[in-house]
Structure formats: C-alpha cells, structure tokens
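The values are calculated or read from the model by the stated rules, or taken from the named source; none is laboratory data. A quick note: this is a predicted structure, and the numbers were derived from the prediction, not measured. Glycine also receives a Cβ, built like all others from the backbone with ideal geometry; neighbour counts cover every protein chain displayed.
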Amino acid sequence: MFEWRGLPVVRPVRKFIQRGIRGWSDEDVWGFDTYINRITAEGLLRLAETSHGYPNEFANLEEWQKYLRSMANDMLGWNEQTFCEEDAFDKAQGAWLSWALLFGGFWE
C-alpha cells in the first residue's frame, strides 16, 4: 500500500477514480441507499440554486425551489440520523415518493 505523509492512499484514490469513471465506487455500494440518498439530496439543493424553470405542477420558480429544498432536507435528515429513527426514515421515504411522482421534471 502506498502512503503519503504516513496515510494510506490506495483506497481513496481507487474510490476517486471509480467515481470519476462510473459515478460510484465499490465502497459506495456497501451503503448504496445512503450514498444515493446523499448525492440526490445534494443535487436537489444545487438544482434549487440554479433553476431557471419549473415543472407545470408548480405555480412559480420560488415554489419549485422551496419544494426541492424540502425534499433534499428530508433526504439528508435520514442520513444524519440513525437508521432506527422512524420519523427521519419516513420523511426520506416520502421525499423519494415525491421524486418518483415528479420524475422527468428535474431539469435546470
């Protein structure tokens, strides 16, 4: 194993390369639900910041941005909680159901 300043670098480098090539690493699938949950929530927050349009189901851009932030926060709340907390899990699951219902509307 290679080291840099006494720290092993093979795993982080391998993970970086795998994510760059295919969007996920072997380590990500160990907890794939939390990985997908986190990157989706972070993407929703970015979309809320950069959106110039919104799906027809919303009255205006501000309503769409608020909805995106709410979904993202519900998803992130589950990652920040233990897996046993039903309230956080239920909110994340509700956010994913909303995601499914609006699938095809997540564009900038």
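Of a type in the set (V, I, T), exposed (fewer than 13 other Cβ atoms within 10 Å of the Cβ) and within 30 Å of R11 (Cα to Cα) - does that describe any residue in the range 79-86? Among the residues of the range 79-86, at least one is of a type in the set (V, I, T), exposed (fewer than 13 other Cβ atoms within 10 Å of the Cβ) and within 30 Å of R11 (Cα to Cα), which makes the answer yes. When the residues of the range 44-72 are narrowed to those that are small (G, A, S) and surrounded by 14 or more Cβ atoms within 10 Å (Cβ to Cβ), which ends up modelled with the lowest pLDDT? In this case the residue turns out to be S51. Scanning the range 54-78 for residues that are of a type in the set (A, V, I, L, M, F, W, C) and within 20 Å of G104 (Cβ to Cβ) yields F58, A59, L61, W64, L68, M71, A72, M75. Go through the range 84-108 and count every residue that is farther than 17 Å from N73 by Cα and at pLDDT below 85. Residues meeting the conditions: 3.
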